[in-house]
1. Suppose we filter GLY97, GLY105 for residues that are of a type outside the set (Asp, Glu) and surrounded by 15 or more Cβ atoms within 10 Å (Cβ to Cβ); which single one remains?
2. Exactly one condition in (1) surrounded by 14 or more Cβ atoms within 10 Å (Cβ to Cβ); (2) without any contact (Cβ under 8 Å) to a residue 24 or more places away in the chain; (3) in contact with a Ser or Thr (Cβ under 9 Å, 6 or more places away or on another chain) is false for GLN48; which is it?
3. Anything in region 77-94 that is closer than 20 Å to GLU8 by Cβ and either in a strand (DSSP E or B) or touching a residue at least 24 places away in the same chain (Cβ under 8 Å) (or both)? List them, or say none.
4. Take the residues in region 126-176 that are closer than 21 Å to LYS29 by Cα and of a type in the set (Phe, Trp, Tyr), then tell me which one is modelled with the lowest pLDDT.
5. Could you say whether any residue in region 54-76 is farther than 18 Å from PHE160 by Cβ, at pLDDT 95 or above, assigned to a helix (DSSP H, G or I) and not hydrophobic (A, V, I, L, M, F, W, C)?
6. Has region 23-33 got at least one residue that is free of Cβ contacts under 8 Å to residues at least 24 places away in the same chain and touching a strand residue (DSSP E or B) at 6+ places or on another chain (Cβ under 8 Å)?
Amino acid sequence: MEIVNFFEKLAGRWFSQRTTHDLSAQQSKAGQSNLEATFLAATAPPVQQLCEQLGVDASLALCGLEITQTSTVDGNPQQRTGSALVVPLTPESDTAGELLRSGTGVAPAKSRYSWEAEIFTVSSEADDIRSEERWWFITDNLRMRTNILKRPDGFHLASFCSEIRLGVKRPPADAA
């Protein structure tokens, strides 16, 4: 699957069930999110603006994915909302390239991505925090995400999300 096809497949409404483990404190938290992911053409204004903001030639943008989310964490009734924009750039090889990201509460940044065995991996480093996030599909309507954050002081945070596409019509019943 090409990266653009993968990003097209990410678009839609999703329900996300998340478990986060603070490995250094031996604590876990569960949470839920409703996600709305919109596929954007490479020429869409938000994609072009992010490229300009980060000093990247906009002709390198393959596409964009705009994500809005509303989240809760078990035990805390307060909802959090946020948004993000992810823009993969033309790959440097068959399996790797650069990715632009921006979002609520974080400065726009460049990350690295790799694409292998239908798994999209994003590696980032900022403010002494290393992050590795992986996205993959089990079926067209079920995807998985993992994320690992590490700091030099020993702090390690790992999360796992299973995400179900919402609004999918059921297949017709077999007439047999």
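1. Just one listed residue meets the conditions, GLY97.
2. GLN48 satisfies all of (1) surrounded by 14 or more Cβ atoms within 10 Å (Cβ to Cβ); (2) without any contact (Cβ under 8 Å) to a residue 24 or more places away in the chain; (3) in contact with a Ser or Thr (Cβ under 9 Å, 6 or more places away or on another chain) except (3).
3. SER83, ALA84, LEU85, VAL86, VAL87, PRO88, LEU89, THR90, PRO91
4. PHE155
5. Yes, some residue in region 54-76 is farther than 18 Å from PHE160 by Cβ, at pLDDT 95 or above, assigned to a helix (DSSP H, G or I) and not hydrophobic (A, V, I, L, M, F, W, C).
6. Yes, there is a match, as at least one residue in region 23-33 is free of Cβ contacts under 8 Å to residues at least 24 places away in the same chain and touching a strand residue (DSSP E or B) at 6+ places or on another chain (Cβ under 8 Å).
The values are calculated or read from the model by the stated rules, or taken from the named source; none is laboratory data. These numbers come from a predicted model, not from an experiment. FYI the Cβ positions are ideal-geometry reconstructions off the backbone, even for glycines, and counts take in every protein chain you see.
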